[in-house]
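Nothing in this text is a laboratory measurement; each read-out follows from the coordinates by a stated rule. Since the model is a prediction, treat every value here as computed from it, not as a measurement. Cβ placement follows ideal geometry from the backbone for every residue including glycine, while neighbour counts extend to all protein chains displayed.
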Amino acid sequence: MKHFNLRHRQLEKEIRFNASRSGGPGGQHANKTATQVELRFNVISSHILTDWEKQRIRHKIGNQLTNGADLIITDASSRSQVKNRRRAMEKLYNTLEHALKRPRKRKPTQPSRAAKRKRLEKKKKHSEKKNLRKPPDLS
């Protein structure tokens, strides 16, 4: 959403970051640097989002929110805290844009002529198969 993209800078003021040591391989570097980034964004207390957007986010991604309505995103894919922070922000923007995207209205369509013919042929074959299973009429 273009309207949402304009508010990225304002949204950054409402985000809290925590850094911690990331797990997995990395040896001494991983043991002494805090490169894993945890991003927290509270949907309910946001001043940037409208009431409709808050409701929409809670409806679409409510299973990802905590009881306090915090959206938590972590990233530890890089050895750089700055890169992980940037990647976590991108994940947040993508998640919010996906939640706020309005679904297209379905246009009802008619089955094609070929689809109708195919359905009728299948129906006829099935009927013949059933008739062949019946005992012969001897009268």
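Give me the one-decimal Kirkwood hydrodynamic radius in Å for segment 2-100, with the sum taken over alpha-carbon pairs. The partial results should precede the final answer.
Working: mean 1/r = 0.0699 Å⁻¹.
Mean inverse Cα-Cα distance, inverted, gives 14.3 Å.
From the C-alpha coordinates alone, can you work out the Kirkwood hydrodynamic radius of segment 71-139, in Å? Mind showing how you got there, number by number?
Values: mean 1/r = 0.0541 Å⁻¹.
Roughly 18.5 Å, rounded to one decimal.
Calculate the spin-label point distance for Lys130 paired with Arg106, positioning each point 7 Å from the Cα along the beta-carbon direction, and give it in nanometres.
Each label point is offset 7 Å from its Cα along the Cβ direction, giving 2.8 nm.
With label points built 7 Å along Cα→Cβ from the Cα atoms of Lys123 and His47, find their separation and express it in nm.
The answer from the label model is 6.4 nm.
Return the loop-located trypsin sites (Lys or Arg not before Pro) in segment 12-106 (DSSP other than H, G, I, E, B) with at most 15 other Cβ atoms within 10 Å of their own Cβ; answer none if there are none. The partial results should precede the final answer.
Details: sites: Lys13, Arg16, Arg21, Lys32, Arg40, Lys54, Arg56, Arg58, Lys60, Arg79, Lys83, Arg85, Arg86, Arg87, Lys91, Lys101, Arg104, Lys105, Arg106; in loops: Lys13, Arg21, Arg79, Lys101, Arg104, Lys105, Arg106.
Counting only loop positions with at most 15 other Cβ atoms within 10 Å, the trypsin sites (Lys or Arg not before Pro) in segment 12-106 are Lys13, Arg21, Arg79, Lys101, Arg104, Lys105, Arg106.
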